[in-house]
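Following: one structure in structure tokens, then a few remarks.
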Amino acid sequence: MLKPMSAVDLRAVSSVEDVSQGLRDNSYLPDEALATTIYLSLRLKRPLLLEGEPGVGKTEVAKVIADWGGGRLIRLQCYEGIDASQAVYEWDYARQLMHLRAMEATGKARSTNEAELSGELYSERFLVRRPLLEAIASTSGTPAVLLVDEVDRSDDEFEAFLLEVLSDYAITVPEIGTFTAGNPPVVVITSNRTRDVHDALKRRCLYHWVEHPSAQREAQIIRLRAPEVTETLAREVAHAAEAIRSVGLYKPPGVAETIDWARALNLLGGAQLDLAGASATLGALLKYREDRDRVLEHDLAEIVSDAGTAAVRESESGSIGSEPASAGL
Ligand SMILES: Nc1ncnc2c1ncn2[C@@H]1O[C@H](COP(=O)(O)OP(=O)(O)OP(=O)(O)O)[C@@H](O)[C@H]1O
Ligand SMILES: [Mg+2]
């Protein structure tokens, strides 16, 4: 895999093409629309809100932006019931207690008044920074990338709180004071849209709906992530995956599953997609029995054969590298 030559100043990136190239250098192939939204969010310093079906590459965007910019990736995984103590900060009660005991044992507690004692116990030394505070209080010259992953799993109160943090990039810890971001993080928020994110949060962000990649781009992604897979097999797998997604599945496969499928087929020795190989490895692509049955009902043989035809046509026109987000394969 290609590695970045050096970190770049994300806030000064000069064009959409630079964004595409930067992400590509870090093994991510964005389409033009996604690269444009990322460019704008970096330049306008606005959070990026990515929605889309599972497995279309939302979370990965934050990871590759961090790799590209050379900043730290700080991840906040949202879930039902997440609250400030898991997202912002909490006090390390066990260490505070031990410190207090040690003070008592050495007699230091006696000579310390109450205000001094609480000042000592509620100091940064005993503050456990959780991702939001970590991102705001980061003093590094390179902006960190704050990934707020799957925000739709959290509840309304948490979203309102997040909105507050993102509006002034400041967090107040009553016992210590206010932390303000000197170098605000690049913020990427993802959602699978199990519920709608509120308008107020959306208004703060630049929004992009991430689509499944086209077959051409998915073939490029397979080659990039699994270079051992032949170009022909990558094309065929990508076309077959595109057809399979269109048959109305409970869980259409994501890009990660397509890559796994291509790897599985390659391991079984197939330089090309055939029916026997496809049915033997379908478990790499589909994780529900009903979906498997549905694909078999839709005639896997036909899907495989159509994918072969489409791949030949594509290879004759040399179109694997013709998309704007080409990996130059
Ligand atoms: N455009 C892309 N270029 C390169 N790799 C990609 C691309 N899109 C997806 N991938 C691959 O697919 C994998 C899954 O992507 P990711 O985890 O970001 O999906 P997601 O949209 O966050 O899914 P979920 O909603 O299930 O969390 C990535 O690890 C990466 O290998
Ligand atoms: Mg994700």
| task | Taking just the C-alpha trace of the chain, give me its Rg and Dmax in Å. | result | 24.5, 86
| Between the helical axis of 93-105 and the dominant principal axis of the chain, each derived from Cα atoms, what acute angle in degrees is found, rounded to the nearest 10? | 30 degrees
| query | Taking Lys251 as the anchor, which lysines have their alpha carbon closer than 20 Å to its alpha carbon, excluding any fewer than eight residues away along the same chain? | reply | Lys58, Lys287
| 22 Å Cα-Cα reach of Lys63 towards lysines, excluding residues that sit fewer than 8 places from it in its own chain | Lys3, Lys45, Lys202
| task | Quick one: which residues, 5+ away or cross-chain, put their amide H under 5 Å from the amide H of Gln77? H built at 1.01 Å from N. | result | Asp149
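Counting pairs of alpha carbon atoms under 8 Å apart in space and at least six apart in sequence, what relative contact order in percent does the chain give? Don't skip to the end; give the middle numbers.
Working: 536 pairs, mean separation 67.5, N = 329.
It rounds to 21 percent for the chain.
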| task | Take the Cβ-Cβ distance between Arg95 and Asp9 as r, set R0 to 35 Å, and report the resulting FRET efficiency rounded to the nearest 0.05. | result | 0.35
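Please return the longest stretch of the chain lacking exposed loop sites, where chymotrypsin sites (Phe, Trp or Tyr not before Pro) count only if DSSP places them in a loop and at most 13 other Cβ atoms lie within 10 Å.
Details: sites that count: Tyr79, Tyr250, Tyr288.
The answer is 80-249.
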| remark: The distance between the Cα centres of region 122-164 and region 209-243, in whole Å, is 35 Å
| request: Report the GluC sites (Glu not before Pro) located in region 139-195 that are in a DSSP loop and have at most 15 other Cβ atoms inside 10 Å of their Cβ, or state none. | output: Glu175
| message | Just want the ordering: Val187, Val255, Val312, from fewest to most Cβ atoms lying within 10 Å of their own Cβ. | response | Val312, Val255, Val187
| request: Grab the beta carbon distance between Arg43 and Glu80, set R0 = 41 Å, and tell me the FRET efficiency rounded to 0.05. | output: 0.75
| Full-stretch length increase - Ala33, Ser118 - with 0.36 nm per residue and alpha-carbon distance subtracted | 25.3 nm
| Put +1 on the Cβ of every Lys and Arg and -1 on every Asp and Glu Cβ in the chain; which of Ala280, Gly107, Ser140 then has its Cα farthest towards the positive end of the dipole? | Gly107
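Of all trypsin sites (Lys or Arg not before Pro) in region 8-55, which ones are in loop regions per DSSP and have a Cβ with at most 15 other Cβ atoms within 10 Å?
Lys45
Exactly which GluC sites (Glu not before Pro) in region 191-284 are in a DSSP loop and have at most 10 other Cβ atoms within 10 Å? Before the final figure, lay out the partial values.
Numbers: sites: Glu211, Glu218, Glu228, Glu231, Glu236, Glu242, Glu257; in loops: Glu211, Glu228.
Those satisfying the criteria are Glu228.
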| said: Restricting to DSSP H runs of at least four residues, report the calculated mean residue ellipticity at 222 nm for the chain, -39500 (n - 2.57) per run over all residues, nearest 500 deg cm²/dmol. | reply: -14500 deg cm²/dmol
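Based on the alpha-carbon gyration tensor of region 215-321, what equivalent-ellipsoid semi-axes (square roots of 5 times the eigenvalues) come out, in whole Å, largest first? Could the numbers behind the result be given before it?
Working: eigenvalues 81, 40, 32 Å².
Ellipsoid semi-axes (Å, largest first): 20, 14, 13.
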| field | Modelled label reach - Leu296, point 7 Å along Cα→Cβ, region 212-245 residues with backbone N closer than 18 Å | value | 244-245
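Each value in this text was obtained by applying a stated rule to the coordinates, not by laboratory testing. Bear in mind the structure is a predicted one, so any value in this text is a computation, not a measurement. So basically every Cβ, Gly included, is an ideal-geometry build from the backbone, and we count neighbours across all protein chains shown.
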